[in-house]
Structure formats: C-alpha cells, structure tokens
Amino acid sequence: MPTHALFLDLDGTLLDFAPTPAEVVVPAGLPALLTSLAAARNGALAILSGRTMADIDSVTGTAFPAGAEHGFVCRDSAGVIHQPITTTANRPAWRQALHDAAAAMPGVAIEEKRYTLVAHFRRAPEHGPALRTLIDRLIEGVPDIDVLPANMAWEIRPVGADKGRALEWFMQQTPFAGRVPVFVGDDTTDEAAIAAARAQGGIGLHVHRDFDGTTNAVRAWLARAVGTPQP
C-alpha cells in the first residue's frame, strides 16, 4: 500500500474499548507500527478519531496528522492546527445538566471536549435511553447542534464537520494528495469516512464487516503491510 494514504480510527479499530477512554490499554508496539506505516507512505497517514488531539497523541506517541473530535480540529503534516468550526456544543448549561444527570446515574461518565460533550454509558447501558431523552430536550430548537450516536455513548456536537469531511480535506493536502485513500473504522461515527474514501476511488473498511470484528485482526493486517511483528 505505499501509493495509498492511510486513515485510521482509534477506539474499536486499533484499540479495544474500555468503560472510559482513560482506561483504554494501548498495545505494546502500536506506536512503532504507526510510525512504520507512515514512513512507508512518505507521511501519508492520519488518525481520524473522536478523541481530543492530546488524547490521540498520548496513544500514538507521535504527532501524526490527525482529525480530532470527529474532524472538528485537524492537524496537517506540518503540525499546523486547522479549526473549521467556530461554534461549540460544550456549553455551560448543557455541561452542568449532563453532570447532574450522571451524578444520579451510577456508571455514567461525562467527557468534555473543546467542541463536544459526550455521555458514556458503557458501564450502565440501562441509562442510555434516559440520557438520550435529556440530550434531545437540551438541544431542542438549536439548529446548529445535533447528536452523534457512538459506541455506548451520545455525543452532542456542532453541525458541519465529520470524519468524512476531514478525510476529504486531508486528500487535498501534502502528502495525501494524489494517493488512494484507505480508511478503517468500526462505528457509526466512521461511516462518513468509509463513504468518503470510496467516493474518491479508495477503500473504506469496517472492522465488523471486513475483518473478524476485532482490533487484533486490524493490527495484524496493518503489520503485514509493512512486514513488522503484530502489536
């Protein structure tokens, strides 16, 4: 795949899920594998994740090009940050309402990002519907905000950016331009990037549809691409 540009999701794709993002375990050797994959493509590797940029870097160990917070914040190959969205869903009243709800729902965790708010209910799936009802009530009548269903989570976010648009943006930048895009993801949040890669004549892969549903299979496939041990 040296002529391809590689775009990778993190959680559920390269990393196994944990009850909260902070508890995710990074497989030994994953940062080295990503470095090898990027080197083989002259740097044409980008991480597209719902995590913040700081969280992405803590996982990868290197400041790769990345689309953080589902594409609301993009960092190019020169390390320059681009922020196409000016509005934010991390608003004080909504933040307080979610934290109040979480206090009454054991197992629910609220994650605050620069542009979004996430209600995680992996530890307490029974609270998922009530959280969605609360979120729908909070954002009712706000035209520039919507809800993104994630894996055992609801994310309140501004309208106007997603991983598909982030991939399209990267494909206009050096060193991605002129290459064939390949994206791998696992969640509903990744479908836009899968579609965008295919629309540009590339490959969009889903962990559950195209692998065996495990992050181990994805890492093994990537390791074979550069002939390195599987992390």
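The values are calculated or read from the model by the stated rules, or taken from the named source; none is laboratory data. Being a predicted model, the structure only gives us computed values, none of them experimental. Cβ sites come from the backbone with ideal geometry, for glycine too, and all protein chains shown count toward neighbours. Ligands, DNA and RNA are excluded from the accessible area calculation, which covers all protein heavy atoms including side chains. Shrake-Rupley method; radii C 1.70, N 1.55, O 1.52, S 1.80 Å.
Things to note:
- Convex hull volume per residue, computed on the Cα atoms of the chain, equals 114 Å³.
- Computed extension length for HIS99-VAL26: 23.5 nm, one decimal, from 0.36 nm per residue of separation with the Cα-Cα distance subtracted.
- Put ASP187, ASP212 in order of accessible area, highest first, and with a 1.4 Å probe you get ASP212, ASP187.
- Of all DSSP beta bridges in the chain, antiparallel share, percent nearest 5: 55 percent
- Taking 7 Å steps out from each Cα toward its Cβ at ALA78 and THR188 produces label points 3.9 nm apart.
- Hz values of 3J(HN,Hα) by residue in region 46-51 - Karplus curve (6.51, -1.76, 1.60), Gly and Pro given as x: 9, 9, 10, 9, x, 5
- Inter-label distance, VAL147 to THR174: 4.5 nm, where each label sits 7 Å from its Cα along the C-beta direction.
- Segment VAL226-GLU112, length gained on full extension (0.36 nm per residue, minus Cα span): 37.4 nm
- Placing +1 on the Cβ of every Lys and Arg and -1 on the Cβ of every Asp and Glu, with no other charges, gives the chain a dipole of roughly 440 debye about its Cα centre.
- Of the accessible area of the chain, computed with a 1.4 Å probe over protein heavy atoms only, carbon and sulfur atoms account for 54 percent.
- Averaged over its residues, region 53-106 has an accessible area of 44 Å² per residue, based on protein heavy atoms and a 1.4 Å probe.
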